[in-house]
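K.L.:
My structure is below; once you've seen it, I'll send some questions.
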Amino acid sequence: MDIYRPVFHFTSKMNWMNDPNGPFHHNGEYHLFYQHNPDKPEWGNIHWGHAKSMDLVNWEYLPVALSPSIDHGEYHCYSGCSVVEEGKVTLFYTSIGTGERNATTGAEQWTAHGSGDLITWEKSRNNPALAG
């Protein structure tokens, strides 16, 4: 036990984290996503971290759910939500790039779909779901 870490408040395993995103309950497990910089303990290079829990106190850290798709002009995966429909989970999030895709005037809404085990996530080929 790390005496400097909260017991009842979720924190990332390491480095920077920000607001929780897209929490849901499915098949007896709670899933939580959060803005996360996996490289440094400071803002930048925003991904979606992912953890799951049976009781909302003890968390299992899972692989990063969303990473920026640099090859598609995406440099950050900002805030979003999740939808559970007919046993399938879809993540909706704000995709940020540079230039015209900046956070102020060019943000796009993208989606990603969960695998059966909800550990891996695949971005839709139809992204952006919303632009402009």
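The values are calculated or read from the model by the stated rules, or taken from the named source; none is laboratory data. In this text the structure is predicted, and so the values were computed from the model without any measurement. No Cβ is skipped: glycine too gets one built from the backbone with ideal geometry, and neighbour counts run over all protein chains shown. To get the accessible areas, we keep the full protein, side chains included, count just its heavy atoms, and leave off ligands, DNA and RNA. Shrake-Rupley method; radii C 1.70, N 1.55, O 1.52, S 1.80 Å.
K.L.:
Taking the Cβ-Cβ separation of N18 and R125 as r and a Förster radius of 30 Å, what is the calculated FRET efficiency to the nearest 0.05?
P.N.:
0.60
K.L.:
Restricting to DSSP loop positions (anything but H, G, I, E, B) with no more than 13 other Cβ atoms inside 10 Å of their own Cβ, which trypsin sites (Lys or Arg not before Pro) remain in segment 57-132?
P.N.:
Those satisfying the criteria are R125.
K.L.:
Shifting gears a bit: Please report how far the C-alpha centroid of segment 113-132 lies from that of segment 18-55, rounded to the nearest whole angstrom.
P.N.:
That distance is 16 Å.
K.L.:
Just to be sure I understand the model, the point goes 7 Å from the Cα along the line to the Cβ. What's the resulting A103 to F10 distance in nm?
P.N.:
2.1
K.L.:
Sticking with this structure for a sec: Which FRET efficiency value, to the nearest 0.05, do you get for N27 and D2 by plugging their Cβ-Cβ distance into 1/(1 + (r/R0)^6) with R0 = 25 Å?
P.N.:
Efficiency, from the Cβ-Cβ distance: 0.25.
K.L.:
Pop out the carbon and sulfur fraction of the accessible area of the chain as a percent, whole number, probe 1.4 Å.
P.N.:
Summing carbon and sulfur atoms, their accessible area is 53 percent of the total for the chain.
K.L.:
Right, next: Rounded if a/c is under 1.5, else prolate if a/b beats b/c, else oblate: with a ≥ b ≥ c from the C-alpha gyration tensor eigenvalues square-rooted, which is the chain?
P.N.:
Here the chain falls in the oblate category.
K.L.:
In addition: What does the convex hull of the alpha-carbon atoms of segment 53-107 project to on average, in nm²?
P.N.:
Orientation-averaged projected area of the Cα hull: 5.5 nm².
K.L.:
What is the spin-label model distance, in nm, from W43 to Y61 if the labels are put 7 Å beyond Cα along the C-beta direction?
P.N.:
Modelled inter-label distance: 2.3 nm.
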